[in-house]
Amino acid sequence: MRQQRRATLAREARGFNRLVGLWLFLSLGLLLAGLFLPAITVRALIFSRELSLFESVIGFLDSGEYFLFAITFPFTILFPLAKILTGLALWYVVETRGYLAVRLLAWLAGISKWSMLDVFVIALMVLVADGRLLTSADIHAGVVVFAAAVLLSTFAIRRLSLVVGRGGRGLNFS
């Protein structure tokens, strides 16, 4: 007796929508690179320090700026990572006809509404760094790569939701 393969979105998507998984993996790579590439150079008097977004977020914690850490950590690291990993699970692992697929998609829709807040958080970090006495800040490639990851993952999640909404051109979500 032949074992039946699980019906996932990746197996049943057609046409342009087959690229959603690739876009999600690409956005995951961009996100990780964007978090660890140099993003901000902070200058104070004659000293300068280049920081990644990850280092900036952890720097808030280390310097006792708990409120800024509480804002930046979820929106810069947790939400974008959770969104992409959930999208990958929904695309490659979760059975399309199951209750879990509908629940994950609803969760993704909710978390995706906060996506552009990720980019706002970067602006907040630059303003905080720039607002300190005798300090200036310059933005580097890490910010651009991070923003690209946010935009690409938002696009991929939107396409994923369209595939589910249309039934993936032949998918049955009953």
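Note on region 69-115: residues that are assigned to a helix (DSSP H, G or I), over 12 Å from the mean Cα position of the chain (by Cα) and touching a residue at least 40 places away in the same chain (Cβ under 8 Å) amount to 9.
Mind checking which residues of region 155-174 are of a type outside the set (Val, Ile, Thr), crowded, with 20+ Cβ neighbours inside 10 Å and at pLDDT 80 or above? Ala156, Leu160 - these are the residues of region 155-174 that are of a type outside the set (Val, Ile, Thr), crowded, with 20+ Cβ neighbours inside 10 Å and at pLDDT 80 or above. Can you tell me which condition Arg103 does not meet? The list is (1) within 21 Å of Ser161 (Cβ to Cβ); (2) surrounded by 16 or more Cβ atoms within 10 Å (Cβ to Cβ), and all the others hold. Exception for Arg103: condition (2).
Hey, among the residues in region 85-100 that are of a type in the set (A, V, I, L, M, F, W, C) and closer than 23 Å to Gly34 by Cβ, which one's surrounded by the most Cβ atoms within 10 Å (Cβ to Cβ)? Per the criteria, the residue is Leu90. Note on region 128-154: among residues that are of a type in the set (A, V, I, L, M, F, W, C) and not in a helix (DSSP H, G or I), the one that is modelled with the lowest pLDDT is Leu133. List pairs: first residue in region 46-57 and more than 13 Å from Leu31 (Cβ to Cβ), second residue in a strand (DSSP E or B) and modelled with pLDDT of 85 or more anywhere in the structure, Cβ distance under 6 angstrom, at least six positions apart or on different chains. Taking only residues 6 or more apart or on different chains, the pairs are Glu50/Pro38. Candidates Ala33, Ala70, Ala82: the one that is surrounded by fewer than 19 Cβ atoms within 10 Å (Cβ to Cβ), modelled with pLDDT of 85 or more and under 20 Å from His140 (Cβ atoms) is Ala33.
The values are calculated or read from the model by the stated rules, or taken from the named source; none is laboratory data. Owing to the predicted nature of the structure, the values given are computational and were not obtained by experimental measurement. Every residue, glycine among them, receives a Cβ derived from its backbone with ideal geometry; neighbour counts consider all protein chains shown.
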